[in-house]
Amino acid sequence: MTMELETVTKVPVGRLRLDRMNPRLVGEGENKSDEWIIAQLYRSAELDELLQSISENGYLDIEPLVVLAGADGEALTVLEGNRRFAALRLLREPELVRKLRISVQAVKDDLRATLDRVSVYPVANRERARAFIGFKHINGPAKWDAYAKARFAAEWYQRDRDDGVRLEDIAKAIGDRHDTVKRMVAGIYVLEQARRERLFDIEDRHSRKFNFSHLYTALARSQYMDYLGLEAAWSRYDPDANPVSPERLPRLKQVLVWIYGSKADGVEPVVRKQNPDIKHLGEVIANAEGRHVLEQGKSLDVARASTESADRRFTASLLRARDELRDVAGAIRAYDGRDQSLLDIAEDVKETAEVVYARMAKKRREAPE
């Protein structure tokens with residue numbers, strides 16, 4: 001059936017198809033089943049509130065789905081609106097809900113008809129939908145996660161760069177004014193190079209959640225750039241398909257495993273939180289002794305401690321001890337006097353503190369003026 005392009009029309013929900021190239025799927029949807037895709041969207045796209053809203057109020061057909069007609073003209077791939085389409089399918093298909101082993105509130109009988117037909121906006125190709133989708137999900141009201149944003153921008157750039165499209169053009173089209181898109185796409189290129197070289201694949205990450213922002217934040221720091229041989233401000237330019245030189249590829253693998261771990265090898269990431277762990281890992285990477293400690297499987301805290309001079313470690317330890325003792329003093333009312341072992345610990349702390357003070361005082365007296 002021929003449809004008039006770029007004109008809103010209503011179609012049966014049964015004509016719609018999920019987009020296997022949806023950036024929300026973290027590049028894993030191409031050969032997956034509909035059930036797998038909907039399960040991913042249910043877990044990662046926070047469908048609970050949307051499902052509850054439609055169950056209570058019916059499908060509010062306010063914003064049309066952006067769709068791409070297939071070769072037969074009948075099936076319509078949903079380019080924009082896969083969350084809403086997934087919610088509709090869950091509410092229309094009880095068997096699908098059972099397969100996914102999830103709980104979905106039934107739609108009120110008088111509202112079920114709202115699930116049958118939806119408004120769509122057909123486009124001739126993905127390019128026609130890009131600017132709108134990019135703005136909405138990168139800087140607009142329905143933001144994707146960092147990796148979905150980066151994949152979208154990178155695929156746009158890869159398809160159109162031979163026609164003169166630059167990353168600056170894409171950034172302007174989707175409303176980015178902070179070079180975020182450039183840094184994200186640079187991170188995608190590093191990941192793709194690691195995958196091609198069989199160094200690392202995001203499916204092998206240790207944690208279920210993929211924190212892509214860890215990587216592009218790290219790659220903007222000088223310690224990581226120096227370690228990987230990247231030029232200063234490299235991510236501000238249109239990216240090279242192979243940004244890391246061959247001799248530095250083993251280092252790239254190591255950095256990615258430190259950030260994301262490896263499920264296959266049973267290696268946990270040393271980065272737990274972006275702030276401050278990405279900064280601390282950079283400090284360790286810049287120090288030969290710290291890198292060696294990390295390569296031996298020690299924690300990031302241990303590796304970082306090895307990079308500090310003895311006087312800095314002493315000062316930090318002394319300050320921590322003082323702060324801990326002040327906390328103890330503030331909570332002294334909690335001690336009821338009955339536990340002798342706690343008093344023995346306090347006596348040990350007192351003796352240790354006196355030894356430390358005596359030795360420091362002696363060194364202070366002997367120090368030259």
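From largest to smallest, the equivalent ellipsoid semi-axes obtained for the range 214-310 from the alpha-carbon gyration tensor read 22, 16, 13 Å. Relative protection proxy for 156-165, 4-13, from highest mean packing down: 156-165, 4-13 (other beta-carbon atoms within 10 angstrom). The Kirkwood hydrodynamic radius of the range 284-369, based on inverse pair distances between different Cα atoms, is 16.2 Å. Treating each Cα of the chain as one equal point scatterer and applying the Debye formula with no solvent, the log10 of I(q)/I(0) at q = 0.09, 0.13 Å⁻¹ comes out as -0.70, -1.08. Between 149, 279, 298, the Gaussian network model of the chain with springs among Cα atoms under 10 angstrom shows the greatest mean-square fluctuation at 298. Given R₀ = 51 Å, what would the calculated FRET efficiency be for residue 311 paired with residue 163, taking r from the Cβ atoms and rounding to 0.05? E(calc), rounded to 0.05, equals 0.30. With q set to 0.10 Å⁻¹, the log10 of I(q)/I(0) for the range 9-121, from the Debye formula over equal scatterers at the Cα positions, is -0.27. Solvent-accessible area of residue 292, all protein chains in place: 100 Å² (probe radius 1.4 Å, heavy atoms, ligands and nucleic acids excluded). Taking amide H atoms as placed 1.01 Å from N in the peptide plane, the amide H of residue 102 has no partner under 5 Å among residues 5 or more positions away or on other chains. Computed over every Cα-Cα pair of the range 77-117 and binned at 10 Å starting from 0, the pair-distance distribution P(r) comes out as 26, 54, 20 percent. Between residue 358 and residue 48, residue separation times 0.36 nm minus the direct Cα-Cα distance comes to 105.3 nm. Within the chain, DSSP assigns beta bridges of which about 60% are antiparallel (rounded to the nearest 5). When the Cα positions of 164, 288, 255 are compared along the charge dipole of the chain, 288 comes out farthest toward the positive end, with charges on each C-beta of Lys, Arg, Asp and Glu. The share of accessible area on the chain that comes from carbon and sulfur is 49 percent, using a 1.4 angstrom probe. Each residue was assigned an accessible area with a 1.4 Å probe, and for residue 179 the value is about 70 Å². Subtracting the Cα-Cα distance of residue 99 and residue 323 from 0.36 nm times their residue separation leaves 75.2 nm of extension gain.
Protein-only accessible surface at a 1.4 angstrom probe places the residues 212, 314 in the order 314, 212, largest first. Potential lengthening of the chain between residue 35 and residue 272 amounts to 82.2 nm, from the contour at 0.36 nm per residue minus the alpha-carbon distance. Assuming charge only on the beta carbon of Lys and Arg (+1) and of Asp and Glu (-1), the dipole of the chain about its Cα centre is about 280 debye to the nearest 20.
The values are calculated or read from the model by the stated rules, or taken from the named source; none is laboratory data. Source: prediction; values computed, not measured. Ideal geometry is used to build each Cβ from the backbone, glycine not excepted, and the neighbour counts take in all protein chains shown. Ligands, DNA and RNA are excluded from the accessible area calculation, which covers all protein heavy atoms including side chains. Shrake-Rupley method; radii C 1.70, N 1.55, O 1.52, S 1.80 Å.
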